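A.B. asks: Just dropping this structure here.
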Amino acid sequence: MKLYITPASPYARMARIVVIEKGLESRVEIITAQTRLTNSQYYELNPSGRVPYLIRDDGVGLEESALICGYLDHLDGNPVFNLPAGEQGWEARRLEAMARSMLDGLTVWGREITRPKNEQSPTVIRHEADRSKRMADLWEHEIEDSLMRGALNMAQLTLACALGFQPRLPNFHWQPEHPKLCDWFGPIAARPSFAATVPPAHH
C-alpha cells in the first residue's frame, strides 16, 4: 500500500501514527506528495490534492484521515482504535469531534501564516488564535474524561495531533495555563509513533 502525506499535515500524521502503532511499516510505503502546486502529478492520483491518501493493495484510493486510520486499524482483524459500544460510543464520538474541531481551526491558522505576508488575513489569524485559546480552556476540563485515559483511541490521537501542531504555529502557546493538558500530552508525545512524526517547524 502507498500512503501519501506531507510532513507538516496533522491529518497525515494521524495516519502515519496508526501505521507505526499497528506495526504496518513493512506493508505501507510512505510517500511525500507535492501539494498546492499547479499541475502537480499528485493531482492525477488524487484530484482533491489533499493528504493523507491511501492507495490500497487493490489500487483503490482512500481519502480522509479517519477513514484511513479505521481501514489500517482493521487490516489485521484486531482493531484497537474501535469505538466502544452504547453510550460510551457517543461519548467517544463527542470527544473526537471536539478534538477535530480544534485541529481544523489550527490548520486554518497554520495555512494562513504560510501565505505571503501581503496575502495573510489578520482577521482569520486572530479568529483562529482566539478559537484555539477557547478550545484549550475547554480541553483542560474535558481531559479528565476516562476515555482520554488508557489505551490510545481516535479522540486521544486527534487531540494529541492538535496540540502537537505547535511547531507550525509559533504563537500557539497552549501550555502555560493548562497544566492538566501538559501532564496528559507529555506521555503521548513521548511515544515512538509521535516522536517519529513531529511536524517540521514553521520558519
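Derivation of every value follows stated rules applied to the coordinates shown; laboratory data play no part. In this text the structure is predicted, and so the values were computed from the model without any measurement. In this analysis, Cβ positions are derived from the backbone assuming ideal geometry, glycine residues included, and neighbour counts consider all displayed protein chains.
A.B. asks: Between Q34 and K180, 0.36 nm times their residue separation minus their Cα-Cα distance comes to what?
C.D. replies: Between Q34 and K180, full extension yields 48.8 nm more.
A.B. asks: Could I ask something else about it? As an exercise, find the ratio Rg/Rh for region 117-167 from alpha-carbon atoms, using the Kirkwood inverse-distance average for Rh.
C.D. replies: We get a ratio of 1.11 for region 117-167.
A.B. asks: Let me ask another. Take the alpha-carbon centre of region 153-203, take the same for region 46-100, and report the distance between them in whole Å.
C.D. replies: 20 Å
A.B. asks: Can you give the Rg/Rh ratio of region 1-145, where Rg is from the C-alpha atoms and Rh is the Kirkwood radius?
C.D. replies: 1.01
A.B. asks: Further question on the same structure: Enumerate the lysines that K133 could reach by cross-link, defined here as Cα to Cα under 17 Å, with residues fewer than 8 away along the same chain left out.
C.D. replies: K180
A.B. asks: Which of the lysines could a cross-linker bridge to K22, judged by Cα under 26 Å and excluding same-chain residues fewer than eight apart?
C.D. replies: Here the lysines satisfying the reach criterion relative to K22 are K2.
A.B. asks: Among E21, E177, E128, determine the one that fluctuates most according to a GNM of the chain built with springs between C-alpha atoms less than 10 Å apart.
C.D. replies: Evaluated over the chain, the most mobile residue of the options is E177.
A.B. asks: Only Lys, Arg, Asp and Glu count, each charged at its Cβ (+1, +1, -1, -1), so figure out the dipole size of the chain about its Cα centre, rounded to 20 debye.
C.D. replies: Taking the Cα centre of the chain as origin, the dipole is about 580 debye.
A.B. asks: Can you tell me the dipole magnitude for region 86-191 around its Cα centre, using point charges on the Cβ only (Lys, Arg +1; Asp, Glu -1), in Debye to the nearest 20?
C.D. replies: With only Lys, Arg, Asp and Glu charged at Cβ, the dipole is about 440 debye.
A.B. asks: Let me ask something additional. Hey, rough spin-label estimate for R93 and R149, points 7 angstrom out along Cα→Cβ, what's it come to in nanometres?
C.D. replies: Rounded to a tenth, the inter-label distance reads 2.6 nm.
A.B. asks: Now for a different question. Taking 0.36 nm per residue of sequence separation and subtracting the Cα-Cα distance, how much length would be gained by fully extending the chain between L24 and D104, in nm to one decimal?
C.D. replies: So the extension gain works out to 26.1 nm.
A.B. asks: Provide the descending list of Cα extents for region 86-191 along its principal axes, expressed in whole angstroms.
C.D. replies: Here the spans come out as 49, 27, 22 Å, largest first.
A.B. asks: Taking H placed 1.01 Å from N in the peptide plane, check which residues at least 5 places from L62 or on another chain put their amide H under 5 Å from its amide H.
C.D. replies: Long-range HN contacts for L62: L54, I55, R56.
A.B. asks: Oh, and also: For the chain, give the share of DSSP beta bridges that are antiparallel, in percent and rounded to the nearest 5; count only bridges with both residues there.
C.D. replies: Counting DSSP beta bridges with both partners in the chain, the antiparallel share is about 60 percent.
A.B. asks: Moving on. Just going by the charge dipole of the chain, with Lys and Arg at +1 and Asp and Glu at -1 on Cβ, which of I31, A85, H141 is farthest out on the positive end?
C.D. replies: Value computed over the given set: I31.
A.B. asks: Another question, then. Given the DSSP H assignment, sum -39500 (n - 2.57) over each helix run of at least 4 residues in the chain and divide by its residue total; what's the result at 222 nm in deg cm²/dmol, nearest 500?
C.D. replies: Helix contribution divided over all residues of the chain: -15500 deg cm²/dmol.
A.B. asks: Let me ask another. Given all pairs of different Cα atoms, what value in angstroms does the Kirkwood hydrodynamic radius of region 2-74 take?
C.D. replies: Every distinct Cα pair counted, the radius reaches 12.1 Å.
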